[in-house]
1. Can you compute the charge dipole magnitude of the chain about its Cα centre, using +1 on each Lys and Arg Cβ and -1 on each Asp and Glu Cβ, nothing else charged? Give it in debye, rounded to the nearest 20.
2. Of T63, Q2, L15, whose Cα points farthest to the positive end of the dipole of the chain (charges on the beta-carbon: +1 Lys, Arg; -1 Asp, Glu; origin at the Cα centre)?
3. By the scheme Lys and Arg +1, Asp and Glu -1, what is the net charge of all other residues having a beta-carbon under 14 Å from that of K22?
4. According to the square roots a ≥ b ≥ c of the eigenvalues of the Cα gyration tensor, what is the shape class of the stretch 8-51, taking rounded for a/c under 1.5, prolate for a/b larger than b/c otherwise, and oblate for the remainder?
5. In straight Cα distance, which lysines are under 27 Å from K64, not counting same-chain residues fewer than 8 positions off?
6. Compute the relative contact order of the chain as a whole-number percentage, counting only Cα pairs closer than 8 Å that sit 6 or more residues apart in sequence.
Amino acid sequence: MQTYQNPSKEKIQELIQQSEQKAAKWLKDIEDGNIYYWPADWTSHAQMADILQIKDYDKGIVTK
């Protein structure tokens, strides 16, 4: 499972198209400001935060 740190708009669109849900989830590390994206059906926000070892974060989903 690969996430992308601070990806371009084009890369985000690719991730959306990779998802069966046609969406990408994102997680923003409050501490350093980096934002991570992955196809929405890969894993939950909480699981990704654990994988990336991020304790304090904002989260969301993008579809366009």
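Coordinate-derived values only; no laboratory data. Note that this is a predicted model, so its numbers are computed, not measured. Virtual Cβ from ideal backbone geometry, glycine too; neighbours counted across all protein chains shown.
1. Value, rounded to 20: 240 debye.
2. T63
3. -1
4. Verdict is oblate for the stretch 8-51.
5. Candidates past the 8-residue exclusion: K9, K11, K22, K25, K28.
6. Computed value for the chain: 38 percent relative contact order.
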